[in-house]
Ligand code: TIU
């Protein structure tokens with residue numbers, strides 16, 4: 001069985017070719033491009049966009065090596081019936097909200113974070129290709145109200161290489177949930193970013209590998225590119 005090893009924190013991350021999936025979190029126009037939900041949230045778009053090219057390199061290396069690829073998209077059904085009420089009250093326009101526009105409202109790329117809208121879909125650089133799994137999720141974590149766990153099991157996945165946006169939100173929520181489910185996870189530093197990278201990214205990733213890997217591993221991109229070559 002082919003296995004790989006990359007330098008990581010808190011120690012080397014070993015992963016099998018068969019049994020590992022790359023999990024690309026929410027690389028959607030609404031989070032990454034001007035006029036989307038991220039910008040309305042006050043995002044530093046330059047910071048999140050910096051993850052696009054490294055994620056593309058990681059994705060291409062995984063595809064070439066034969067690593068399974070899963071993508072997620074955050075978004076609601078058009079009638080918003082699947083929107084957690086916590087989100088409705090804080091991230092859509094509701095009494096007391098801090099926003100003037102939010103989830104479900106019409107933006108420059110269609111209704112924000114609504115399935116089927118232009119802004120909800122992946123950025124052009126990171127579109128899924130046939131054979132890759134796309135998981136649509138209503139929440140931050142990719143396991144809640146989705147069949148991600150079952151599809152990972154169906155593919156025999158035990159290890160997850162995790163990247164995408166945002167580090168502080170959907171990436172780490174998903175990695176923490178995956179750890180509880182027994183998956184050995186590694187986040188890839190250059191292939192993730194958030195809305196306030198000066199403050200959030202470093203601490204978010206540090207918390208993952210603190211204390212002998214409380215939630216999992218963190219590694220740079222280059223060791224993955226070298227290992228998968
Ligand atoms: N920062 C933030 O609100 N992010 C999200 O809503 N979604 C993801 O992190 N993908």
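Bear in mind that the values in this text are calculations on the coordinates, not laboratory data. This structure is a prediction, so every number in the text was calculated from the model and none was measured. Positions of Cβ are backbone-derived with ideal geometry, glycine not excepted, and every protein chain shown enters the neighbour counts.
How high is the relative contact order of the chain, given as a whole-number percent (alpha carbon pairs under 8 Å, six or more residues apart)?
Working: 483 pairs, mean separation 63.9, N = 229.
About 28 percent, as a whole number.
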Inset, instruction - For residue 199 paired with residue 127, estimate the spin-label separation in nm (one decimal), with each label point 7 Å from Cα along the Cα-to-Cβ line. - result: 3.8 nm
Inset, instruction - Please work out the C-alpha center-to-center distance from segment 61-80 to segment 120-196 and express it in whole Å. - result: 7 Å
Inset, instruction - On each of the three principal axes of the Cα atoms of the chain, give max minus min coordinate, whole Å, ordered largest first. - result: 54, 36, 30
Inset, instruction - Calculate, in nm to one decimal, what residue 147 and residue 101 gain on full extension: separation in residues at 0.36 nm each, minus their alpha carbon distance. - result: 13.6 nm
Legend entry - Global geometry of segment 113-229, whether rounded, prolate or oblate, following the gyration tensor of its Cα atoms and the 1.5 cut on a/c: rounded
Legend entry - CD proxy at 222 nm, helix term only [per DSSP H run n ≥ 4: -39500 (n - 2.57); per residue of the chain; nearest 500]: -8500 deg cm²/dmol
Inset, instruction - Please work out whether segment 55-128 counts as rounded, prolate or oblate from its C-alpha gyration tensor, where a ≥ b ≥ c are the square roots of the eigenvalues and a/c under 1.5 means rounded, while otherwise a/b larger than b/c means prolate and anything else oblate? - result: prolate
Inset, instruction - Restricting to the chain, compute how many DSSP beta bridges are antiparallel as a %, nearest 5. - result: 25 percent
Inset, instruction - In nm, give the distance between the simple-model label positions of residue 18 and residue 44, each being 7 Å from the Cα along the Cα-to-Cβ direction. - result: 4.4 nm
